Structures are given as structure tokens and as C-alpha cells.
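For reference, the structure discussed in these notes is given below.
Laboratory data are not the source of any read-out in this text; all were calculated from the coordinates shown. Computed from a predicted structure; not experimentally measured. In this analysis, Cβ positions are derived from the backbone assuming ideal geometry, glycine residues included, and neighbour counts consider all displayed protein chains.
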Amino acid sequence: MTGPSIEILDLWPTKLVRKMLDSIEEPNLALLKLVREWDKANRNLTTDYHDNNPFEIDSPATNWLRGEVNQAIVEYLQAIGIDFPVDWQIHGWASLNRTGDYHDNHNHPHCYLSGTYYVKVPKSGLNRRQRGDVRPNHITFYDPRTAFNMQSIKADPYVEPEFTVLPQPGLLMFWPAGLMHFVHPNLSDETRVSISFNIILKWADHYLPTQE
Ligand SMILES: [Fe+2]
């Protein structure tokens with residue numbers, strides 16, 4: 001005898017893509033050199049994100065990174081079931097965080113996806129006795145559905161209003177551009193170097209959902 005079956009829908013999921021890239025040693029050295037040169041010329045490199053786009057540079061390392069990002073976007077679109085042509089451009093910028101540098105909670109308006117490739121992350125974040133919940137050099141993402149944890153109980157999927165990652169060199173991550181995220185302070189004496197990017201769609205009318 002079978003009773004009525006229960007249906008549980010997983011509504012409004014948030015996609016976060018993580019991919020560890022292979023053969024990173026050579027390109028990372030070259031990307032590090034490039035970012036350090038830019039940083040020497042511009043102490044506000046990280047906030048002047050309009051003017052330093054590594055994805056516009058023709059070099060083995062930047063070409064490699066462009067190819068990896070494009071490939072991962074293709075894999076993502078396929079995985080979520082987008083089966084029509086999508087055309088985009090990548091707008092990137094370099095970030096070099098010294099001791100104490102962080103990025104306040106923010107999202108990336110006017111873009112489709114946003115992401116970061118990590119070139120160099122300090123191993124030890126702590127250089128003095130600090131509280132146990134300090135998470136130097138991590139990145140935290142916040143549940144876009146406001147206050148869904150208010151009624152959550154242990155073990156349900158909405159208990160944690162945040163998701164935190166300590167990136168490793170070679171990690172590529174991207175997410176919907178509207179997702180709020182916070183980059184925790186660098187508390188080490190070493191620099192933290194990454195290349196962030198926005199995926200901006202070149203508009204096509206066939207992107208519009210069909211109204212039924
Ligand atoms: Fe960001």
C-alpha cells in the first residue's frame with residue numbers, strides 16, 4: 001500500500017562555483033609579477049578597478065587565466081541548463097591586500113556573475129594572540145534571502161546565514177553578482193594577491209524568459 005507522496009521543492013538556490021585550476025605555478029608567478037608592477041605604480045590599485053584589466057593583456061599568464069575563466073563559465077552555464085548562446089565580456093582588476101586591508105560587505109551591480117582567482121594567500125593569518133573567531137584572508141558570502149535563519153533550527157539548511165572560505169592559490173570562484181560578500185582583513189605581514197572579475201553579458205533578446 002502506498003500513501004500520498006511528499007514533494008519538497010528546492011526553491012531559489014544560490015549557485016557558487018569553485019574550481020581548483022591545474023598547473024598554476026608558472027602563470028601565478030607571472031601574474032604576481034604583473035600585479036606587483038601595477039601596485040608599484042599605483043598605491044590605489046585595488047580600488048582603481050576600472051583601469052587595470054588583466055584580461056585585456058596579451059601574455060601567456062593572462063591568456064591562460066582568460067581561457068580558464070571562460071571555460072568555467074561555459075561549464076557553469078551548461079550545468080544550470082542554459083542551452084542557448086550566451087555572449088559575455090570579462091572585466092577584471094587586481095587586488096593586493098597588505099596587513100589590515102579588507103573589502104567591506106558588497107556586491108557587484110550591473111553585472112551577471114562576479115568572481116575571483118587567487119594568486120597568493122598568506123599561510124598564517126595571525127601574527128598575535130587574537131579571538132578564535134577571527135578569520136583573516138577568508139571570504140564570506142551571505143544568504144541573499146534576508147533573515148531566513150530567524151526561524152531555523154539545528155540541521156535545517158537555513159541555519160547558517162553565511163558561508164566562509166579560506167581560498168588557496170589556484171582557486172577560481174564565481175557567483176551571481178548580486179550576492180553580498182566580505183573579504184576579511186589580512187593580518188599577516190605577507191601580501192594577499194587576487195584577480196577579481198565581473199562577467200558582463202552582451203545583450204541579446206533571446207535572454208528574456210518566456211512569459212507563460
Ligand atoms: Fe567583490
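Looking at segment 44-117, I'd like the Rg to Rh ratio, where Rg is from alpha-carbon atoms and Rh is Kirkwood's inverse mean 1/r. Each step should come with its number before you reach the end.
Working: Rg = 14.4 Å, Rh = 14.3 Å.
Value, to two decimals: 1.00.
Go ahead and estimate [θ] at 222 nm for the chain from helices alone: -39,500 (n - 2.57) per DSSP H run with n ≥ 4, summed, over the residue count, rounded to 500.
Values: 2 runs with 37 residues, N = 212.
It lands at -6000 deg cm²/dmol.
Calculate the length of the line joining the C-alpha centroid of segment 1-76 to that of segment 153-180, in whole Å.
Cα centroid of segment 1-76 versus Cα centroid of segment 153-180: 15 Å apart.
Put +1 on the Cβ of each Lys and Arg and -1 on the Cβ of each Asp and Glu in the chain; which of 122, 27, 64 then has its Cα farthest toward the positive end of the dipole?
122
What's the angle, to the nearest 10 degrees (0 to 90), between helix 60-79's Cα axis and the longest principal axis of the chain?
Around 0 degrees separate the two axes.
Only counting other Cβ atoms within 10 Å, I'd like 212, 25 sorted with the fewest neighbours first.
Values: 212 3, 25 9.
Taking fewest neighbouring Cβ atoms as first place, the list is 212, 25.
Only counting other Cβ atoms within 10 Å, I'd like 194, 23, 152 sorted with the fewest neighbours first.
Working: 194 26, 23 9, 152 14.
With the sparsest Cβ surroundings first, the list reads 23, 152, 194.
Given the C-alpha atoms of the chain, compute the convex hull and give its volume per residue in Å³. Mind showing how you got there, number by number?
Numbers: hull volume 40.7 nm³, N = 212.
For the chain, the hull spanned by Cα atoms encloses 192 Å³ per residue.
Put +1 on the Cβ of every Lys and Arg and -1 on every Asp and Glu Cβ in the chain; which of 79, 186, 209 then has its Cα farthest towards the positive end of the dipole?
Among 79, 186, 209, the one farthest towards the positive end of the dipole of the chain is 186.
With the chain treated as a Gaussian network of Cα nodes joined by springs under 10 Å, which of 106, 138, 50 yields the largest mean-square fluctuation?
Its mean-square fluctuation being the largest, the pick is 50.
Tally Lys/Arg at +1 and Asp/Glu at -1 over every other residue whose Cβ is under 12 Å from the Cβ of residue 180; what's the total?
On the way: positive: 145; negative: 104, 143, 162.
Local charge sum for residue 180: -2.
Only Cα pairs within less than 10 Å get springs; with that Gaussian network setup on the chain, which residue of 109, 185, 13 has the largest fluctuation?
Of the options given, 13 has the highest mean-square fluctuation.
Once the Cα gyration tensor of segment 77-191 is found, what semi-axes does its equivalent ellipsoid get, as square roots of 5 times the eigenvalues, in whole Å, sorted largest first?
Values: eigenvalues 145, 99, 29 Å².
The answer is 27, 22, 12 Å, longest axis first.
Let's see if you can work this out: charge +1 on each Lys and Arg Cβ, -1 on each Asp and Glu Cβ, no other charges. What is the dipole magnitude of the chain about its Cα centre, in debye to the nearest 20? Walk me through the numbers on the way to the answer.
Values: 19 positive and 26 negative charges, 194 e Å.
Dipole of the chain, to the nearest 20 debye: 940 debye.
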